[in-house]
Amino acid sequence: MSIRILLRDFRSVVKDGRVVNFNIGTTAHGPGVAAMLEKELPDCEICLWASAPLSTPLQRMVKRRFPNCRLVWGTLDGTSPDVEEAVRWCDLLLIGSGTHIAVPKDVEAFARD
């Protein structure tokens, strides 16, 4: 049995409702964690949960490198059915460094459910 991991929002900047990435640290964090999980837990399934839709280049990069990784975006406020489903699907919520500052409401909602 594989573990299903919901990887919450790597460091990101939201501009005009889309996640844009301005530097290599921002862009590399989430895919780096996903690569580490893939190596150390080869049977795991990963879903990446972002605050807003990823920029088109980042979406292409993630899908090319992690073709089986699901991408969802939004919040746990009842307006993002894909996020709600991903929360029910996962066994573990993994939060990237620095993300706890940006998403405390989502984490609190996850813990309540």
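Values computed for the structure shown
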| quantity | calculated |
| --- | --- |
| Cβ-based exposure ranking for Cys44, Cys90, in which fewest neighbours within 10 Å come first | Cys44, Cys90 |
| Placed amide H near Thr75: partners under 5 Å, 5+ positions off or other chain | Ser80 |
| Cα→Cβ-extended label distance, 7 Å offset, between Glu40 and Arg60, nm | 3.2 |
| Fewest-first ranking of Trp49, Trp89, Trp73, using other Cβ atoms within 10 Å as the exposure measure | Trp89, Trp73, Trp49 |
| Relative exposure of Ser51, Ser2, judged by other C-beta atoms within 10 Å (fewest first) | Ser2, Ser51 |
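FYI, it's all coordinate maths here, none of it is from the lab. Fair warning: this is a prediction, and the values are worked out from it, not measured in the lab. So basically every Cβ, Gly included, is an ideal-geometry build from the backbone, and we count neighbours across all protein chains shown.
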